[in-house]
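The values are calculated or read from the model by the stated rules, or taken from the named source; none is laboratory data. As the structure is a computational prediction, the values presented were derived from the model and not from experiment. Cβ placement follows ideal geometry from the backbone for every residue including glycine, while neighbour counts extend to all protein chains displayed.
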Amino acid sequence: MTPAVSAVCVSYNCADLLAVALASLKAQVVPGGFEVIVVDNASSDDSAGVAARVPGVTVVPLEKNVGFAAANNVGARLARGEQLLFVNPDVDVPPGVVAALGEFLAGIPTAAAVGPKVVGRDGRLQKFCARKFPTLLNLLVLVSGLAELRWVGSALAHRYYPTSFYERGPAPVEALSGAFTLVARRAFEAAGGFDENYFLYAEDLDLCRRLRRAGGEIWYLPVGPVGHYTGGSRRVPDAAVVVASHRAAARYARRWHGRVGGHLVAACSRVSLCARRLIFYLGGLVWKAARRRARFYADVLAASRGPKEGQAAT
């Protein structure tokens, strides 16, 4: 029997959280049937084994880490459902969420994707679950590091809706988070799937832009909330992750804000990383903790000179 919904979960080194995510997904009751596909991005832990021990879960172990976007496409090609649920391995899904999203998506012929309310481990709303597209200014502030300054980060790095928006709905939005998004297969395939040139980060924004450009609508439905324990595979600082995020911002800017915008973001990124390395190096002369940060940014700069791929995923 062909399932109505296929969940694609890309996992990388988060076996403990993956077990929770799969248990919550297997507890979903979806009219028309539901399948779960785990694509393991060459984890060094027992992520693939954890998934294989869950009855009914299809496991696709990859020989190397191909990136989040490419691994999602692998799962999508194997999926049989007319609706594709892209879900991170560090989520906890309350009963009924998948069915509610599926019913809503099927009921609006012009809808390409829908996403639920998402909260963090502390129960606080993660506003990126439904958001606007970043402007060029937003991207420049993000890669510059100014977003880490509270007085400027909120105003210039992000353009989120007011909190009250997330309690109402359904409502059309510009973009959804790749942590938990249900997409109509027809729309996903028409858009060409995820752009595999994004190794990590921004692939969800890029997909939503292409879905909208093709005439599809993106919707937010305040069901759940889905728990998202952000960074399940990134529990310690990773230079490759920082590099991937900066490269993703530059690629996104180049594609949606023009070649000049892409060059600006790439240049701002480089200057910012060099400046951080210098600042922490100088700070390390009097502050021991700064020396570790200086070494970290030295690793980031070294990684940024390498090939455009790494060992960071989902």
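In table form, for the structure just shown:
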{"read-out": "Residue within the stretch 117-125 that is surrounded by fewer than 17 Cβ atoms within 10 Å (Cβ to Cβ), of a type outside the set (D, E, K, R), part of a helix (DSSP H, G or I) and out of contact with any Cys (no Cβ under 7 Å at 6 or more places or on another chain) present", "value": "no"}
{"read-out": "Every pair of residues 6+ apart whose Cβ atoms lie under 6 Å, when the first sits in the stretch 121-150 and is farther than 19 Å from Ala253 by Cβ while the second is assigned to a helix (DSSP H, G or I)", "value": "Leu125/Tyr166"}
{"read-out": "Long-range neighbours under 8 Å by Cβ, at least six apart or interchain, first residue on the phi > 0 side of the Ramachandran plot and in the same structural domain as Gly107 (by TED's automatic domain parsing) within the stretch 25-37, second polar (S, T, N, Q) and surrounded by fewer than 22 Cβ atoms within 10 Å (Cβ to Cβ)", "value": "Gly33/Thr2"}
{"read-out": "Evaluation of Ala294 against (1) over 30 Å from Asp195 (Cα atoms); (2) free of Cβ contacts under 8 Å to residues at least 12 places away in the same chain (one fails), failing number", "value": "(2)"}
{"read-out": "Residue within the stretch 65-72 that is surrounded by fewer than 22 Cβ atoms within 10 Å (Cβ to Cβ) and either of a type in the set (A, V, I, L, M, F, W, C) or free of Cβ contacts under 8 Å to residues at least 40 places away in the same chain (or both) present", "value": "yes"}
{"read-out": "Long-range neighbours under 6 Å by Cβ, at least six apart or interchain, first residue under 15 Å from Ala112 (Cβ atoms) within the stretch 166-187, second polar (S, T, N, Q) and part of a loop (DSSP other than H, G, I, E, B)", "value": "none"}
{"read-out": "Failed condition for Arg210, given (1) part of a loop (DSSP other than H, G, I, E, B); (2) free of Cβ contacts under 8 Å to residues at least 40 places away in the same chain; (3) under 18 Å from the mean Cα position of the chain (by Cα)", "value": "(1)"}
{"read-out": "Residue in the stretch 52-64 that is surrounded by 21 or more Cβ atoms within 10 Å (Cβ to Cβ) and part of a loop (DSSP other than H, G, I, E, B) present", "value": "no"}
{"read-out": "Residue tally, condition under 21 Å from Val91 (Cα atoms) and modelled with pLDDT of 95 or more, over the stretch 185-201", "value": "1"}
{"read-out": "Residue satisfying all of: in the stretch 75-93; aliphatic (A, V, I, L, M), in contact with a Leu (Cβ under 7 Å, 6 or more places away or on another chain) and outside any strand (DSSP E or B); surrounded by the fewest Cβ atoms within 10 Å (Cβ to Cβ) among these", "value": "Ala76"}
{"read-out": "The stretch 253-289: number of residues that are over 24 Å from Asp204 (Cα atoms), among the β-branched types (Val, Ile, Thr) and part of a helix (DSSP H, G or I)", "value": "2"}
{"read-out": "Some residue of the stretch 38-46 being in a helix (DSSP H, G or I), surrounded by 24 or more Cβ atoms within 10 Å (Cβ to Cβ) and at pLDDT 95 or above", "value": "no"}
{"read-out": "Test: Arg251 is more than 17 Å from Thr181 (Cα to Cα), in contact with a Phe, Trp or Tyr (Cβ under 6 Å, 6 or more places away or on another chain), without any contact (Cβ under 8 Å) to a residue 60 or more places away in the chain and outside the structural domain of Gly67 (by TED's automatic domain parsing)", "value": "no"}
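Residues are listed down the side, and each one gets a yes or a no for (1) more than 20 Å from Ala7 (Cα to Cα); (2) more than 15 Å from the chain's Cα centre (by Cα):
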| site | (1), (2) |
| --- | --- |
| Leu182 | no, no |
| Glu203 | no, no |
| Tyr220 | no, yes |
| Val223 | no, yes |
| Thr230 | no, no |
| Gly262 | yes, yes |
| Ala275 | yes, yes |
